[in-house]
1. Quick one: longest stretch of the chain between exposed loop GluC sites (Glu not before Pro), exposed meaning at most 15 other C-beta atoms within 10 Å and loop per DSSP?
2. Once you place label points 7 Å from the Cα toward the Cβ at Met283 and Asn255, how far apart are they in nm?
3. Would you compute, from DSSP H runs of 4+ residues alone, the mean residue ellipticity of the chain at 222 nm, taking -39500 (n - 2.57) per run and dividing by the full residue count, rounded to the nearest 500?
4. Going toward the positive end of the dipole of the chain, with +1 on Lys and Arg Cβ and -1 on Asp and Glu Cβ, which of Gly167, Cys252, Ser70 do you reach last?
5. By a straight-distance test (C-alpha under 16 Å), which aspartates and glutamates pair with Lys96 as possible cross-link partners, with residues fewer than eight away in the same chain excluded?
6. Which percent, nearest 5, of DSSP beta bridges in the chain are antiparallel?
7. Set the Förster radius R0 to 35 Å, insert the Cβ-Cβ distance between Ala200 and Arg83 as r into 1/(1 + (r/R0)^6), and round the FRET efficiency to 0.05.
8. Using label points projected 7 Å from each Cα along Cα→Cβ, tell me how many nm separate Glu118 and His35, to one decimal.
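Laboratory data are not the source of any read-out in this text; all were calculated from the coordinates shown. Owing to the predicted nature of the structure, the values given are computational and were not obtained by experimental measurement. Virtual Cβ from ideal backbone geometry, glycine too; neighbours counted across all protein chains shown.
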Amino acid sequence: MRNREALQQRGEKVKVDRLLTPTIGIELDIPDVNHADDEVIWTIRRHLARHKVVSIRAQQLTEDQFLAFSRRLGSLVRLPYIRPMQDFPEIIAVLKEEDEVDMGVFGGDWHSDFSFLECPPEISILYSREIPACGGDTVWANMTAACLALPDDLKAFLTGRKAVHVGAPYGVRYAPEPQSRFEGSIRMDRHNPEADAEQAHPAVCRHPERGNEPVLFVNPTYTIRFEGMDEVQSRPILERLYGHATRPEFCCRLNWLPDTIVLWDNRSTIHYAVNDYDGFRRMMWRTTVCSSRPLPAMP
Ligand SMILES: [Fe+2]
């Protein structure tokens, strides 16, 4: 909480309610994002760049209002593989029905959203519409904090190195199959030649809004190897990086309530949807803000 006073002294319209942890995550008290002026939007963006995950509770939005709010954060992107809501092509309904049991869940392994794209999303936004009575949390890890704390040998290994990301077969390994019988469940369109292509990104990127702040940009779902190395050679190093990056001191865990909006800096975090709520329905709306190509961190 030592940052709270400093944040409040800036005279913001957004009341800083609490940090989720000192390392990652902040909850902002915004009465109604439908009436957010430019200063509030700018404040959200600034907290997002610094704290990586921003939670805003108790919001009442229609689909159109959710889109309008999302667009104020940046241009929205239509994502490959996942079929969006029929009448709202920029919204994905992230849904698990109560009778979808003993199976995986969308996002149920550590990942950065769509890191296999040439321009991976900058911001992901989730809005909880229906949540389990208990469970269904999301966990994020701060990949800048993890990067800064890397052992020297891994820092040296990663210098100037690229990692290869791939979305084919689509990395959401535990998503419902395309033939899912659930009308509203996530439906996948696989075999997208453009999105299926391998994509190499710097293993350590620079954050676009925070100078040369480094970001470890690999994740267990989509990163398959380092450029110039095969998967067998790469695997032990990647596993070591993941073990380091997901240490609890780099993470926050959010307990969803209905009507919560959470935004995260998708380029400097990885996240994990905890699949511990079989027997309950969970439904979120999701939008995605596009971005530019990741740039390497400066030496
Ligand atoms: Fe995700």
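1. Values: sites that count: Glu98, Glu118, Glu183, Glu198, Glu209, Glu227.
Longest run free of exposed loop sites: 1-97.
2. Between Met283 and Asn255, the simple spin-label model gives 2.5 nm.
3. On the way: 7 runs with 60 residues, N = 299.
Mean residue ellipticity, 222 nm, calculated: -5500 deg cm²/dmol.
4. Cys252
5. Those aspartates and glutamates meeting the cut-off are Asp109, Glu130, Asp137, Glu177, Glu183, Asp276, Asp278.
6. 95
7. Numbers: r = 28 Å, r/R0 = 0.80.
That pair, Ala200 with Arg83, gives E of 0.80.
8. 4.4
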